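Structure, as structure tokens:
The values are calculated or read from the model by the stated rules, or taken from the named source; none is laboratory data. Given the structure is predicted, the values throughout are model-derived calculations rather than measurements. Cβ placement follows ideal geometry from the backbone for every residue including glycine, while neighbour counts extend to all protein chains displayed. Side chains are part of the model used for accessible areas, which takes the heavy atoms of the whole protein and leaves out ligands, DNA and RNA. Shrake-Rupley method; radii C 1.70, N 1.55, O 1.52, S 1.80 Å.
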Amino acid sequence: MSVITTNTYSEPNHKGYFGAYGGKFVPETLIPALNELECAYKEASEDPEFENEYLRLLHEYVGRPTELSFADRLTNYYGGAKIYLKREDLCHTGAHKINNAIGQILLALKMGKKRIIAETGAGQHGVATATACAKFGVECIVYMGEEDMVRQKLNVDRMRLMGAEVRGVSSGSKTLKDATNEAIRDWVTNVDDTFYIIGSVVGPHPYPMMVRNFHRIIGDETKRQLMDIEGRLPDYLIACVGGGSNAIGIFYPFINDNVHIIGIEAGGLGVESGQTAATLTKGIPGVLHGSMSYLLHDQEGQIELAHSISAGLDYPGIGPEHAYLHDTKRVDYRAVTDAQALEAVSLLSRLEGIIPALETAHAFAWLDELMPKTTSEEIVVLNCSGRGDKDMETISRYL
Amino acid sequence: MNRINKVFEQKKDEKVMSLFITAGYPDINETVDLILGFERNGADIIELGMPFSDPLADGPTIQYSSNMAISNGVTIQGIFGMVAETRKNSEIPIILMGYINPILRFGLGEFFSSAAKAGVDGLIVPDLPLDEATMIEEFAHTHEIQLIYLIAPNTSDERMQLSDDKSNGFVYCVSVTGVTGARDGSEVQQSVDTFIQRSKANITKNPLMVGFGIKNYNDAQSISKEVDGFIVGSALIETIKNAYPNEHWKEEVFNFVHQLKFGYPNQ
């Protein structure tokens, strides 16, 4: 398989486009807010004080840097390349999402916004946002599909315990897509005093770029840690992709390197089953939630319902940068099914004593496919993006 | 002259009334009849909504009518058919209003040529701001479909002027920052006056229509006092929702329309 290496990767352009994807497809009312955000973010990203405060919180409060763990039993099990796990499951709140929530809340405070809204699917971003809001004493409203509130009840309780208001969304499929619609409607209505903390590399510019940059610390640390341990770069990088934030976080610092990068989508019951969330595998470009990207939609352009056992991947769109990396073939996107993900949960739990989130388990499931093709001289790094406690109810139904 | 411009030429002494309905709601076979009835009862312009599964600029009422219309099986091709059918009996300006994704999926070239052929006069795309609209401008120009842009209370003077420059037909003043939906009259009125003054100062080329939150004749008259006309959508759809499918539902709806324009019922 060929790997195209670009030495001049500089996406997105000034209009927020990654090739043909991205942009700002929002009502006029949000344009001033996006422009204000763009300016504030630019200023913050050039301000060493902002950077220091962000890094200090990630260290003292989130617990970064997270470990890069050698998975010896998993490595022995497959008998191929060495497998390292980037342990985002060890972040405070149990997933990578907090990196971005901390970054955005600092920006919100800098901009003088006193009311925070967020959407959530699996509840990990909702929990991360509720956590950041509790830490800074800011009002927090989280929109969550009613179906997801059932699937991820533990996270609903966690958010409420930390003082966030969780608003159930009963429109459409009652999942992440609809929660995002509702959060955008809230933002359009309360645009003056409200900051919308988007939880993935989706939405209108500058969100996909900004969220990526708040998560690139995952890849930056990985690179440094692996250099310390092995003195070289990995051969393979793997991460699961729903909207794509943990994936872009670990991929981005390696974009210009000679590393084979693989993103794993949620195949649901199978990519040909019609019950899937494999957007890049089955989707066609279109516009949803403010940006142009691959989407699951029918002949009439109506958005189709995604399906995945994992609430965090159950989304009919994907971040525009992933669409671009897919088209340019810089990243190889594949899909695994619900059943494969569940098997991976058991395997990792037994072999490594790590119960991964169902989202994360999708990346692990690809090892079945990849590892037989690797040799013991090679190195695989997998982003262990979150822990599985929140999924215990779903998982135990299949045990 | 385009039908939209003609209406503003002819109705200089009254408030132009534009009515929004979702195509295919409450039933695919009623849309043409509703349009013709609206015209008989005082509507000057029709905004025909092309439903989308994820209407993020719309409140609960238009979310509801959109979902119903999609369940009823409405398609873009079907909507062009409705416009063509209306054109057999009416020259009322028809503006299509819908989100960009279904339009892109239909194909931009095909969409604009079919729209023109059916007798569509204009297009409003709420999630396609000026910055992104360059992708449709040439098609619209070629097929003589007028593009209407929205301005909101938080739109800068500079962007208002740009909207005026890019719009044809009229400029759509969104009276409040928020999604579509009927609101308490006072809520709209408070902030709208300064916004309208600023809009009038910046919009010099096009007529100005104000919409969002208008639910009756009094709202309409007071909010549009300083502009060329007003737009009603959600309140009309609410009326349909409450009346349909009672025996005389259509008369009730047409009465509401007449009242909205003239301040008294048609009987």
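The loop-placed GluC sites (Glu not before Pro) in region A:36-121, going by DSSP, that have at most 13 neighbouring Cβ atoms within 10 Å of their Cβ come out as A:E46. Between A:G203 and A:S291, the built amide H atoms are under 5 Å apart, and every one of these is 5 or more places off in sequence or on another chain. For chain A, a Gaussian network of Cα nodes joined below 10 Å ranks A:E230, A:E165, A:E343 by mean-square fluctuation, and the top entry is A:E230. Sequentially through region B:219-231, phi angles give Karplus couplings (6.51, -1.76, 1.60; θ = phi - 60°) of 4, 4, 5, 6, 6, 9, 2, 9, 10, 7, x, 9, 10 Hz, Gly and Pro residues having no value and appearing as x. Along its three principal directions, the equivalent ellipsoid of region B:1-136 from the Cα gyration tensor extends over semi-axes of 22, 18, 15 Å, largest first. Compactness of region B:122-236 was expressed as the Cα radius of gyration divided by 2.2 N^0.38 Å, which yields 1.04.
Computed over chain B, the per-residue total of -39500 (n - 2.57) for DSSP H runs of n ≥ 4 gives a 222 nm mean residue ellipticity of -14500 deg cm²/dmol, rounded to 500. For B:R87 and B:L108, what does the FRET efficiency come to when R0 = 25 Å and r is the distance between their Cβ atoms, rounded to the nearest 0.05? The formula returns an efficiency of 0.65 here.
With the convex hull of its Cα atoms as the shape, chain A has an orientation-averaged projected area of 17.7 nm².
Remark on region A:196-340: hydrodynamic radius 15.4 angstrom, per the Kirkwood mean of 1/r across alpha carbon pairs. Straight-line cross-link partners of A:K42 among the lysines, defined as a Cα under 26 Å from its Cα and at least 8 positions apart when in the same chain: A:K15, A:K24, A:K97, A:K110, A:K113, A:K114, A:K135, A:K223. Taking the inverse of the mean 1/r over every pair of distinct Cα atoms in region A:32-173 gives a Kirkwood hydrodynamic radius of 16.8 Å. What aspartates and glutamates does B:K117 reach when the alpha-carbon gap must be under 20 Å and sequence neighbours fewer than 8 apart in one chain are set aside? Those aspartates and glutamates meeting the cut-off are A:E300, B:E47, B:E85, B:E91, B:E137, B:E138, B:E144. Using a Gaussian network model of chain A whose springs link C-alpha atoms within less than 10 Å, name the residue from A:G268, A:G199, A:G283 with the highest mean-square fluctuation. Of the options given, A:G283 has the highest mean-square fluctuation.
Computed over region A:273-323, the percent of Cα pairs more than 14 Å apart is 43.
In order along region A:316-324, the Karplus-derived 3J(HN,Hα) couplings, from 6.51 cos²θ - 1.76 cosθ + 1.60 at θ = phi - 60°, round to x, x, 7, x, x, 5, 5, 4, 5 Hz, and Gly and Pro are given as x.
How many percent of the alpha carbon pairs in the protein assembly as shown exceed a separation of 38 Å? Write down the numbers at each step before the final one.
Details: 79626 of 221445 pairs.
Percent of Cα pairs beyond 38 Å in the protein assembly as shown: 36.
Would you tally the net charge around B:K225, using a Cβ to Cβ cut-off of less than 12 Å, leaving B:K225 out, and scoring K and R as +1, D and E as -1?
On the way: positive: B:K15, B:K200; negative: B:D193, B:D219, B:E226, B:D228.
My count for the surroundings of B:K225 gives -2.
Taking the helices alone, chain A has a mean residue ellipticity at 222 nm of -12500 deg cm²/dmol, built from -39,500 (n - 2.57) per DSSP H run of at least 4 residues and averaged over all its residues. Scanning residues 5 or more positions from B:T22 or on other chains, those with amide H under 5 Å from its amide H are B:G49, with H placed 1.01 Å from N in the peptide plane. Largest accessible area first, the residues A:S245, A:S171 order themselves as A:S171, A:S245 under a 1.4 Å probe with ligands, DNA and RNA left out.
Which percent, nearest 5, of DSSP beta bridges in chain A are antiparallel?
Values: 15 of 50 bridges.
Around 30 percent antiparallel, to the nearest 5.
Please compute the net charge surrounding A:D72, taking Lys and Arg as +1 and Asp and Glu as -1 over other residues with Cβ under 12 Å from its Cβ. Surrounding charge for A:D72 is +1. Taking the C-alpha atoms only, the angle from helix A:207-230 to the longest principal axis of chain A is near 30 degrees.
What order do A:M111, B:M17 take when sorted by accessible area (1.4 Å probe), most exposed first? Could you put the intermediate results ahead of the total?
Working: A:M111 40, B:M17 0 Å².
Descending accessible area places them as A:M111, B:M17.
Report, in degrees rounded to the nearest 10, the 0 to 90 angle that the Cα long axis of helix A:48-57 makes with the longest principal axis of chain A. Once rounded, the angle reads 60 degrees. 3J(HN,Hα) along region B:75-87, derived from phi through the Karplus expression 6.51 cos²θ - 1.76 cosθ + 1.60 where θ = phi - 60°, amounts to 10, 5, 4, x, 5, 4, x, 5, 5, 4, 5, 4, 4 Hz, with x in place of Gly and Pro.
Using 0.36 nm per residue and subtracting the Cα-Cα separation, the extra length available between A:E378 and A:S273 on full extension is 34.3 nm. Only beta bridges with both residues in region A:47-177 are counted; by DSSP, about 20 percent of them are antiparallel. Placing dummy labels 7 Å off each Cα toward the beta-carbon, the span from B:Y217 to B:K205 is 3.7 nm. Between A:F136 and A:D389, the FRET efficiency from the beta-carbon distance, with R0 = 30 Å, is close to 0.75. Computed over region A:121-258, the Cα gyration tensor eigenvalues convert (square root of 5λ each) into semi-axes of 31, 16, 15 Å, ordered from largest to smallest. A Gaussian network model of chain B, with springs between Cα atoms under 10 Å, assigns the largest mean-square fluctuation among B:K88, B:K11, B:K225 to B:K88.
Within the shell defined by Cβ-Cβ distances under 11 Å, the residues around A:L347 carry a net charge of -1, with Lys and Arg each +1 and Asp and Glu each -1.
Between the amide H of B:V16 and those of B:G229, B:F230, distances stay under 5 Å, these residues lying 5 or more places away or on another chain, with hydrogens modeled in the peptide plane.
Share of antiparallel DSSP beta bridges in the protein assembly as shown, in percent to the nearest 5?
Just about 20 percent of them are antiparallel.
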